[in-house]
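Worksheet for the structure shown next.
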Amino acid sequence: MIANLFSNSISKSFNCYKVTGIFTLRPYIATKKLDQDISEENIFETLLDMLSEFNFVKDRKILSENIQNNHKSFSPKIADNLFMFHSKSTGVKDFCAALLQLPDGNLYGMYAWPENTHKNLNKISKLYEHLEYFQQKG
């Protein structure tokens, strides 16, 4: 699924992919495909690492707390194999997202935005539109 989702303008950086100019989402989306399963705690930390590697995060502790607080009352599960951690957070510089695909086909994501502006809310909407499209394509 990630190969289809991120087939445009991919350049390797660290262990993640820096994807530019995709789906009009800026700055970048960090993506990674794993060869082995990992625990949910490690998934959360890996997604935070991915955002940090691309310098999206101003304060990792604030971002982590914001997202964990946001998901205390509900699961990040969006669909059968799609899980998205998210929160508005002053711990990020701008809208940012990370996607992680596990060998079982489950797709985990994390996104955050610093303030509720039209621009950021539009990016969130675009992200979900494209995830829905690729969920349907399989």
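The values are calculated or read from the model by the stated rules, or taken from the named source; none is laboratory data. None of these values were measured; they are calculated from a predicted model. Cβ atoms come from the backbone with ideal geometry, glycine included; neighbour counts cover every protein chain shown. Just so you know, the surface numbers come from the protein's heavy atoms only, side chains and all, with ligands and any DNA or RNA stripped out. Shrake-Rupley method; radii C 1.70, N 1.55, O 1.52, S 1.80 Å.
So the values come out like this:
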| quantity | calculated |
| --- | --- |
| Scan of the range 40-78 for residues that are open to solvent by 60 Å² or more (accessible area, probe 1.4 Å) and touching a Cys at 6+ places or on another chain (Cβ under 8 Å), ordered by number | Glu53 |
| Filtered residues of the range 79-92 (kept if open to solvent by 90 Å² or more (accessible area, probe 1.4 Å) and part of a strand (DSSP E or B)) | Lys88 |
